[in-house]
Structure formats: structure tokens, C-alpha cells
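Colleague: Handing you a structure now.
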Amino acid sequence: MLYINKREAGKVEKSIEPFDLKEVLTEQLEFYKVQAESRKITVSLNADEGSYKIKADRSDLDRIFMNLISNGIKYNREGGTLSVHLGKEEGAIVVNVVDTGIGMNEDDIKNLFQEFFRVRNRQTSDVSGTGLGLATVKRVLSEYNGKISVQSQPDRGSTFTVTFPQESTYQEIH
């Protein structure tokens, strides 16, 4: 909550630098390796050849992908998979975070990026969280002219797609 308030007040300092998303994602997956292994979840990164340079604040990139990867583990099934796919499409860098988890229905998807919304059912009753993560991800992405979308089916998993324009640049939005 504090972070969101600071961000909206323009009090979060940014250090915009070039990063290779492939390196960022590799580090994020390594960070969550132990958590994934404890649930027997297989994690992988698949990237097309080439460079995936983006100018961004590293903490913003971490906030986006740590949220998506940790959710892909928390809401997955024991022995499932979490695959991160990195590629380029029509002048954009695209990251797909695909899990074999519990999935969501259409009503949940409609509300998913709203602050404090959490999917509530028997499968999520023991998963902790504030309901702020995906709302924050969407807000951060908008500052880079990026987008997030989701496709999901109950009991079949979810795919979160993050798209950055090829020449993504940070824009402070209030």
C-alpha cells in the first residue's frame, strides 16, 4: 500500500537504464527456484534468439515479473509447470507466463486487475495476498506504454501476456 501511495504521489525515484529482459527473467526464475522445487513445479525460460533490450527502472521490471512468477507458483498445482516465453511480435517484446495451475473463470478475469480483488474459492483459501499485485503490475506497465492480458480456464491454468513496445520508454503518469 505504501509503495502504491508513494508511486501515485510521484515520490518513487526512477533510474532508467537499458536492460536485457532475458537476463532479468533468468534472474527472477532463479530467485523462485527453491519455492518452485518445494512444490515440484518445473520452471523454464524459452526465448527466441536475439536481444531483448528495454529501457526501464530495474525495480519496476522486478515488480512486474516477480509478481507474475510468484503467482504462477502460488496458484499452480503440485507437480505443475511454469513456462516463461520471451519473443518479439510486430514491433513489441512479448513475455508469456504460462502455468498449469487452478485457472480462473470469466468473472474473475474481468476483475483481476482491480485493486484488492482476489479470486476466492476453495482452491485459493490458503493462499495469502493483498489483491494489489496485479493492479500494481498493470499500473507500472502503463508507465512504459506496456500492456498485460490474461487467458485462463478453470483447472487448466493461465497465461499472462506482457507486451512492451520495442522502443519502450518510461512516462510518469499521474
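The values are calculated or read from the model by the stated rules, or taken from the named source; none is laboratory data. Everything numeric here is computed off the predicted structure, so don't read it as measured data. Heads up, the Cβs are rebuilt from the backbone with ideal geometry, glycines too, and the neighbour counts pull from every protein chain shown.
Colleague: So which pairs qualify, if the first residue must be in region 147-174 and under 14 Å from Thr136 (Cα atoms) and of a type in the set (Gly, Ala, Ser), the second must be in a strand (DSSP E or B) and at pLDDT 95 or above, the Cβ gap must be under 6 Å, and the two must be at least 6 apart or on different chains?
Modeller: Ser149/Thr161
Colleague: Among the residues of region 19-62, which ones are farther than 16 Å from Ser83 by Cβ, part of a helix (DSSP H, G or I), out of contact with any helix residue (DSSP H, G or I) (no Cβ under 6 Å at 6 or more places or on another chain) and not hydrophobic (A, V, I, L, M, F, W, C)?
Modeller: Those that are farther than 16 Å from Ser83 by Cβ, part of a helix (DSSP H, G or I), out of contact with any helix residue (DSSP H, G or I) (no Cβ under 6 Å at 6 or more places or on another chain) and not hydrophobic (A, V, I, L, M, F, W, C): Glu23, Glu27, Ser38, Arg58, Ser59, Asp62.
Colleague: Next question. Could you tell me which residue of region 106-144 is farthest from Thr161 (Cα to Cα), considering only residues that are outside any helix (DSSP H, G or I) and at pLDDT 85 or above? Break it down stepwise before answering.
Modeller: Within region 106-144, the first condition is being outside any helix (DSSP H, G or I), and the residues that meet it are 112-132, 143-144.
This time we only want the ones that are at pLDDT 85 or above, so: 143-144.
Details: Glu143: 17, Tyr144: 15 Å.
Here the answer is Glu143.
Colleague: Moving on to the next point. In this structure, is Ile102 surrounded by 20 or more Cβ atoms within 10 Å (Cβ to Cβ), out of contact with any strand residue (DSSP E or B) (no Cβ under 7 Å at 6 or more places or on another chain), closer than 14 Å to Gly157 by Cα and hydrophobic (A, V, I, L, M, F, W, C)? I'd like the intermediate steps shown before the answer.
Modeller: Working: surrounded by 20 or more Cβ atoms within 10 Å (Cβ to Cβ): yes; out of contact with any strand residue (DSSP E or B) (no Cβ under 7 Å at 6 or more places or on another chain): yes; closer than 14 Å to Gly157 by Cα: yes; hydrophobic (A, V, I, L, M, F, W, C): yes.
The answer is yes for Ile102.
Colleague: Also, I was wondering about something else. Cβ contacts < 8 Å: first residue in contact (Cβ under 8 Å) with a residue 60 or more places away in the chain, restricted to region 48-61; second residue assigned to a helix (DSSP H, G or I) and surrounded by 14 or more Cβ atoms within 10 Å (Cβ to Cβ), any location; separation 6+ or different chain. Result?
Modeller: So the pair list comes out as Ile54/Leu21; Ile54/Leu61; Asp60/Val140.
Colleague: Of the residues that make up region 145-164, is at least one assigned to a loop (DSSP other than H, G, I, E, B), under 15 Å from the mean Cα position of the chain (by Cα) and either within 23 Å of Tyr52 (Cα to Cα) or modelled with pLDDT of 90 or more (or both)?
Modeller: Going residue by residue through region 145-164, those that are assigned to a loop (DSSP other than H, G, I, E, B) are 145-146, 154-156.
From the residues that got through so far, the ones that are under 15 Å from the mean Cα position of the chain (by Cα) too are 146.
Subsequent filtering for residues that are either within 23 Å of Tyr52 (Cα to Cα) or modelled with pLDDT of 90 or more (or both) retains 146.
Checked against the condition, which is being assigned to a loop (DSSP other than H, G, I, E, B), under 15 Å from the mean Cα position of the chain (by Cα) and either within 23 Å of Tyr52 (Cα to Cα) or modelled with pLDDT of 90 or more (or both), region 145-164 yields at least one hit.
Colleague: Quick one: would you say Ile64 is over 17 Å from Pro18 (Cα atoms) and surrounded by 13 or more Cβ atoms within 10 Å (Cβ to Cβ)? Don't jump to the end; show me each part of the working.
Modeller: Numbers: over 17 Å from Pro18 (Cα atoms): no; surrounded by 13 or more Cβ atoms within 10 Å (Cβ to Cβ): yes.
Answer is no for this residue.
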